[in-house]
Structure formats: C-alpha cells, structure tokens
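Structure, as structure tokens:
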Amino acid sequence: MPMPSLPVPGSPGAARVQHIAYDEGVHKIARLAALLAYALMVATVVFGVLLRTRFAQRHIRRQTLYGAHMVLALTAVVFSLVHGLTFIYQPVWRIALVNLVVPFVGGVQKVPVGFGVLGLELALAVGVSVWAQRRLGYRRWLRLHQGAYVAFLLVWLHIITVNPEPRTLSLVGMGVAAGAGACFLLFTLRLLPADRLTPAEGDA
C-alpha cells in the first residue's frame, strides 16, 4: 500500500496536520501579489531590452519606454514586498521579519524563500543604482544593472521550488514557463551588439 504523500510545507494541508490556524484571505492576497509581481517582472525585462533597440525607438519615444520600464519595475517590487510580508501573518510558515531580510536563515522552506529574498534584494540594489549612475560611471553601472537578470533567475527559482503548481501543466505553470522563456530569449538578444538588433533601412 503506497504511503500517503506529505502536504507541501506551509500549505493549508500542512496547517491542518499541525493543527495550526490558516488564513485563506492572507493566502489569496499572497498568491495574487505573487502572480502580479512575476508578470510585472517579465514586462520590466521586455521594456528593458526594448530600451536598447533602436528599432523599437523608431516607433516609441525613448522617454516613454524608459518611463514604462521604471514604473513596471517599481510596481513589481511593491507587489513582491506585499507578497513577502503576508507570510508574517501566516503562522504555519514560521516567518519573522528577519527571515524576509536575511536570506536562508530559517522558517519553513528556507532555501526557496531565501531565493526569493535574495532576488528581491538584488532587484532593489539594481533599482537604487539608477540614482548612482553618474557616480559609478556608465560602464560600471551597466554591469550592476545587468544583475537584474540574476535577480529574475533567483525569483524564478523561488517560484518553481516553493510550490509544485508552477511545475505542472496548469495555467499558472504555463504562464511561469512562458514568462521565463520570453526573458531567456530577450536575454540572448541582449548579448548581441546593438547594431545587430537594428534592421536594415529597407526592412523597416
């Protein structure tokens, strides 16, 4: 007779087994914030690559692309913070504020949660570096700004390791895969010289 599968740590099933109260309202807020944050992160990467292509700037003003890129990035960070803070109010996760500041230091699923914390902190560092661009110099700032791709990778690792749903063929799973695939493709394009991303005059 097969052994019954254990509930996912931090899930409603785990709370029932441990006889811990589970707030469904907090769970729904955390889930919605996570989905919105991920979608906004993908959009941020898309607009970031568009900022580098002169082809896109032929049709959309650079200031418009830059403004959209910044707004999307800021909104993604806000929803990510909301997502993380909700777990303080979910006792089964045993997460305190320190666990949301220092990665990999405890609580339930400390490694997957640590990926998310580290990814968000790196994203915050990348965002703040915009205001230090002149001091850092453009080349050093650009290297730091490219850390956004590492931040996205860490967040993606958080998503696929903290819960099995993104690893299935569900709507959420396909959405996560599509977003990651789009970002990987754009990252590959980002490695090309800028002139390779610009079509010839006859192709415009």
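Derivation of every value follows stated rules applied to the coordinates shown; laboratory data play no part. Predicted model only: the values in this text are computed from it and were never measured. Positions of Cβ are generated from backbone atoms using ideal geometry, with glycine treated the same way; all protein chains shown enter the neighbour counts.
Would you work out if region 85-125 is rounded, prolate or oblate? Take a ≥ b ≥ c from the square roots of the eigenvalues of the alpha-carbon gyration tensor; rounded if a/c is under 1.5, else prolate when a/b is larger than b/c, oblate otherwise. Prolate. According to the calculation over all Cα-Cα pairs in region 116-163, the P(r) per 10 Å bin from zero is 30, 44, 20, 6, 0 %.
Panel order for 83, 158, 19, 145, by other beta carbons found within 10 Å of each beta carbon, from fewest to most: 19, 145, 83, 158. Within the chain, helices built from complete DSSP H runs that reach 27 Å or longer along their own axis (Cα positions) and carry a mean Kyte-Doolittle hydropathy of 1.6 or higher are 171-190. With N as its number of residues, region 114-194 has a Cα radius of gyration that, divided by 2.2 N^0.38 Å, comes to 1.27. Taking square-rooted eigenvalues a ≥ b ≥ c of the alpha carbon gyration tensor, is region 57-161 rounded, prolate or oblate, where a/c under 1.5 means rounded and, failing that, a/b exceeding b/c means prolate? Prolate, since a/c reaches 1.5 and a/b exceeds b/c. Over the chain, the alpha carbon radius of gyration divided by the compact-protein estimate 2.2 N^0.38 Å works out to 1.18. Loop sites only, by DSSP: take the trypsin sites (Lys or Arg not before Pro) in the chain that have at most 14 other C-beta atoms within 10 Å and name the longest stretch containing none of them. The reported range is 62-204. Helical content alone sets the calculated 222 nm signal of the chain at -21000 deg cm²/dmol, taking -39,500 (n - 2.57) per DSSP H segment of four or more residues and averaging over every residue. Taking the Cα centre of the chain as origin and assigning +1 to Lys and Arg Cβ atoms and -1 to Asp and Glu Cβ atoms, the resulting dipole is close to 660 debye. Per-residue extension of 0.36 nm, minus the Cα-Cα distance of residue 96 and residue 143, leaves a gain of 13.6 nm for this segment.
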